[in-house]
Amino acid sequence: MKLSGVELRLISMPLVAPFRTSFGVETTREILLLRAVTDEAEGWGECVAMSDPLYSSEYVHAAVDVLTRFFIPALADVPVLDGTAVAPALARFKGHRMAKAALETAVLDAELRAQGRSMGRELGAVRDRVPCGVSVGIMDSIDELLDAVGGYLDAGYLRIKLKIEPGWDIAPVRAVRERFGDDVLLQVDANTAYTMADARHLAGLDAFDLLLIEQPFDEEDVLGHAELARVVKTPVCLDESITSARAAADAIRLGACQIVNIKPGRVGGYLEARRIHDVCSASGIPVWAGGMLETGIGRAANVALAALPGFTVPGDTSASDRYYRTDITEPFVLDHGYLAVPTGPGIGVTPIPDELAAVTSKVDWLPL
Ligand code: OSB
Ligand code: MG
């Protein structure tokens, strides 16, 4: 496959409702999309970096910069370009995994489209649909939260994840349990908002039979998570800390996680995400598919990944209308709590030209 260039496109997508986490509030998702143009086919990749470096050190404009200056030019030197050649070609550059993931995905999508093979088939999907949960932001009041959770349960979501932070943890969890009962699959995500000094307080969540507590401590505090796991009954899940298959293997060996959230962007791409799945499966650690408020482009590939055998609990792969009034692809629609795994070539979806144009703020063509 010969790459002729990559288009970098910035789009701006208003969320249906503000999404508040312990690290900030998102009202409009600013997203970088990549289109890799080859002599055989075109491929799409969505970069999950956010506007500000609050979830991770990456951010949209840094991704544009590093792709433009280093990553895309580095592909000119690759003799035989396909999806698997991208990570080795970029390996000498440190970090910037979200930017690397977007480029790898665009090239892989082009390759798969040229071959008529689907992402699910490529990654090893064993299901044609995946069970879906929803990530519920921090709200101004418990009443508002209960309304939101009630709406999602009515829509069919099979699992609820509550964002928590100090001052918004035990009370919202208790309220959701009291209103909706003990059968609801329920978990919490702290996005690094706590420290070991909060361990006793977090043990207060043990009473609510949660599936897991996600990333309570700092990204680099793997040992702290291992210590916490010894004093709380709720299973500890890592998100931010798991940046590679090696990081996953280390965290598992340390006893820092009983379950893992896999986000391809966070770990440098779908191929590394699959390796994490494999490492976890070999250790008996269940995994689930995280999300980064993706459009249909990123969602399509996430749903394919979530169809691998080790993804044994519902992920944050929600329907398009949980995020956006109008998606840039055909919308992903929940069917009794499930999303269908795309079956078409590559990621299986493409942007609808008019919808894409309506949200685009900038387009750059980078010839190779
Ligand atoms: O920690 O999982 C997270 C969104 C942006 C950044 C980090 C996270 C999230 C979510 C939303 O929880 C998941 C989604 O529905 O896409
Ligand atoms: Mg998380």
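Which net charge results for the neighbourhood of Arg35, defined as the other residues with beta-carbon distances under 9 angstrom from its beta-carbon, given Lys and Arg at +1 and Asp and Glu at -1? Kindly include the intermediate steps, with their values, before the conclusion.
On the way: positive: Arg9; negative: Glu7, Glu42.
Taking every Cβ under 9 Å from that of Arg35, the sum is -1.
List the equivalent ellipsoid semi-axes of segment 234-368 in whole Å, largest first, each obtained as the square root of 5λ for an eigenvalue λ of the Cα gyration tensor.
Details: eigenvalues 173, 61, 33 Å².
Over the Cα atoms of segment 234-368, the semi-axes work out to 29, 17, 13 Å.
Could you work out which residue, out of Leu271, Leu308, Leu153, moves most in a Gaussian network model of the chain, that is, has the largest mean-square fluctuation with Cα springs under 10 Å?
Leu153
Cα atoms only: what Rg and Dmax, in Å, come out for segment 98-170?
Cα-based Rg and Dmax for segment 98-170 come out at 18.7, 52 Å.
Which number gives the lysine pairs in the chain that have C-alpha atoms under 30 Å apart and are eight or more places apart or on different chains?
Lysine pairs meeting both conditions in the chain amount to 16.
Thinking of segment 292-368 as a set of Cα atoms, what percent of all their pairs are more than 16 Å apart? Walk me through the numbers before you get to the answer.
Details: 1583 of 2926 pairs.
Roughly 54 percent, rounded to a whole number.
Using a 7 Å offset from the Cα along the Cα-to-Cβ direction at both Ser141 and Thr343, what is the distance between the two label points in nm, to one decimal?
That separation, rounded to one decimal, is 4.8 nm.
What are the radius of gyration and Dmax of segment 1-160, computed over its Cα atoms and given in Å?
18.6, 59
So what's segment 225-291 giving for Rg/Rh, alpha carbon basis, Kirkwood Rh from the mean inverse pair distance?
On the way: Rg = 11.0 Å, Rh = 11.6 Å.
Result: Rg/Rh = 0.95.
Considering all alpha-carbon pairs of segment 163-294, what whole percent are spaced by more than 26 angstrom? Could you put the intermediate results ahead of the total?
Numbers: 1705 of 8646 pairs.
Considering segment 163-294, 20 percent of its Cα-Cα pairs are separated by more than 26 Å.
To one decimal place, what orientation-averaged projected area in nm² is obtained for the convex hull of the Cα set of segment 156-205?
Details: hull surface 14.8 nm².
The Cα convex hull of segment 156-205, projected and averaged over all directions, gives 3.7 nm².
Sequence-distant or interchain residues sharing an amide H contact under 5 Å with Arg29, placed H: which?
For Arg29, the qualifying residues are Met13, Leu15.
Semi-axes of segment 108-226's equivalent ellipsoid from the Cα gyration tensor, sqrt of 5 times each eigenvalue, largest first, rounded to whole Å?
Working: eigenvalues 208, 89, 31 Å².
Working through the eigenvalues yields semi-axes of 32, 21, 12 Å.
Just want the ordering: Val232, Val260, from fewest to most Cβ atoms lying within 10 Å of their own Cβ. Can you show the working numbers first?
Details: Val232 18, Val260 27.
By the 10 Å Cβ count, ascending: Val232, Val260.
Give me His277, His96 sorted ascending by neighbouring Cβ count inside 10 Å, so fewest comes first. Can you show the working numbers first?
Numbers: His277 25, His96 22.
Sorted ascending by nearby Cβ count, the order is His96, His277.
Expressed in nm to one decimal, what extension gain is obtained for the pair Ala62 and Ser244 from 0.36 nm per residue of sequence separation less their Cα-Cα distance?
On the way: separation 182, 0.36 × 182 = 65.52 nm, distance 2.04 nm.
Residue separation times 0.36 nm, minus the Cα-Cα distance, leaves 63.5 nm.
What does the charge count near Ala155 come to, summing +1 for each Lys or Arg and -1 for each Asp or Glu among other residues with Cβ under 14 Å from its Cβ? List each step's numbers first, then the result.
Details: positive: Arg159, Arg322; negative: Asp147, Asp154, Asp321, Asp335.
With Lys, Arg at +1 and Asp, Glu at -1, the neighbours total -2.
Restricting things to alpha carbons, tell me how big segment 7-60 is in terms of Rg and Dmax, in Å.
Cα radius of gyration and Dmax of segment 7-60 are 13.6, 45 Å respectively.
Just to be sure I understand the model, the point goes 7 Å from the Cα along the line to the Cβ. What's the resulting Glu330 to Ile170 distance in nm?
5.0
Within 10 Å of each candidate Cβ there may be at most 15 other Cβ atoms; applying that plus a DSSP loop requirement, which trypsin sites (Lys or Arg not before Pro) in segment 60-95 survive? Mind dumping the intermediate values first?
On the way: sites: Arg69, Arg92, Lys94; in loops: Arg92, Lys94.
The qualifying sites are Arg92, Lys94.
Ranking Lys163, Lys233 by Cβ neighbours within 10 Å, fewest first, what do you get? Before the final figure, lay out the partial values.
On the way: Lys163 24, Lys233 11.
Ranking Lys163, Lys233 by Cβ neighbours within 10 Å, fewest first, gives Lys233, Lys163.
Working from the pairwise distances between different alpha carbons, so that the mean of 1/r is found and then inverted, what is the chain's Kirkwood radius in Å?
On the way: mean 1/r = 0.0486 Å⁻¹.
So the Kirkwood estimate lands at 20.6 Å.
Translational diffusion coefficient, Stokes-Einstein: compute it for segment 144-184 using the Kirkwood radius over C-alpha pairs as Rh, at 25 °C and 0.890 mPa s, and state it as an integer in µm² s⁻¹. Working shown, then result.
On the way: Rh = 10.6 Å.
After rounding, the answer is 231 µm²/s.
Readers should treat all values here as calculations from the given coordinates under stated rules, not as data from a laboratory. Computed from a predicted structure; not experimentally measured. Ideal geometry is used to build each Cβ from the backbone, glycine not excepted, and the neighbour counts take in all protein chains shown.
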